[in-house]
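Here you go, one structure.
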Amino acid sequence: MDAHQMRLFEFKLEEIYNRTEWLQYELPLQKFIALFPIEYKDDRPQRPEMPEEPDLDRDTKLAILVAFREAFS
């Protein structure tokens with residue numbers, strides 16, 4: 001696991017959280033970041049699963065996937 005990549009992903013999640021106002025009312029930042037743990041399979045990071053709660057809109061889900069790709073590519 002590369003700590004730099006993990007930190008970059010967390011930073012990008014924080015940016016998404018800060019620009020998505022309704023998320024700030026739903027849950028604290030650390031709980032939002034904890035919704036997207038990175039698991040490794042054969043030493044490769046696996047794309048995070050989208051949680052059922054909170055119900056994320058399409059733009060937020062896409063932003064999270066882009067953040068993952070940018071951090072781990």
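Taking the dipole about the Cα centre of the chain, with the C-beta of Lys and Arg at +1 and of Asp and Glu at -1, give me whichever of Leu62, Leu27, Leu8 is farthest to the positive side.
Leu8
Helix 58-72: angle to the longest alpha-carbon principal axis of the chain, degrees 0 to 90, nearest 10?
The angle comes out near 30 degrees.
Continuing with the same structure: With r defined as the distance between the Cβ atoms of Trp22 and Leu65 and R0 fixed at 25 Å, what FRET efficiency is calculated, to the nearest 0.05?
Taking R0 as 25 Å, the efficiency between Trp22 and Leu65 is 0.85.
Which angle between 0 and 90 degrees, to the nearest 10, do you get for helix 3-19 versus the longest principal axis of the chain when only C-alpha atoms count?
The helix 3-19 is inclined about 20 degrees to the chain.
Report, in deg cm²/dmol and to the nearest 500, the calculated mean residue ellipticity at 222 nm for the chain, where each DSSP H run with n ≥ 4 adds -39500 (n - 2.57) and the sum is divided by the residue count.
So the helix-based figure for the chain works out to -18000 deg cm²/dmol.
Something else now. Taking the chain on its own, what percent of its Cα-Cα pair distances exceed 14 Å?
Values: 1505 of 2628 pairs.
Summing the P(r) of the chain above 14 Å gives 57 percent of all pairs.
Next question. Please give the FRET efficiency for Leu29 paired with Ser73, using the beta carbon to beta carbon distance and R0 = 30 Å, rounded to the nearest 0.05.
Calculated value: 0.80.
Please state the charge dipole magnitude for the chain, taken about the Cα centre, from unit charges on C-beta atoms (+1 on K and R, -1 on D and E), reported in debye and rounded to the nearest 20.
220
Can you spot the lysines whose alpha carbon is less than 20 Å from Lys61's alpha carbon? Ignore those fewer than 8 places along the same chain.
Lys12, Lys31
Could you rank the peptides 35-46, 56-67 by their average count of other C-beta atoms within 10 Å per residue, with the highest value first? Each step should come with its number before you reach the end.
Numbers: 35-46: 11.2, 56-67: 14.4.
Result, highest mean first: 56-67, 35-46.
For Cα pairs less than 8 Å apart in space and 6+ apart in sequence, what is the mean separation divided by the residue count of the chain, i.e. the relative contact order in percent?
Value for the chain: 39 percent.
Read-outs: derived from the displayed coordinates by stated rules, not from any lab. Given the structure is predicted, the values throughout are model-derived calculations rather than measurements. Glycine gets a Cβ as well: all are built from the backbone with ideal geometry, and neighbour counts include every protein chain shown.
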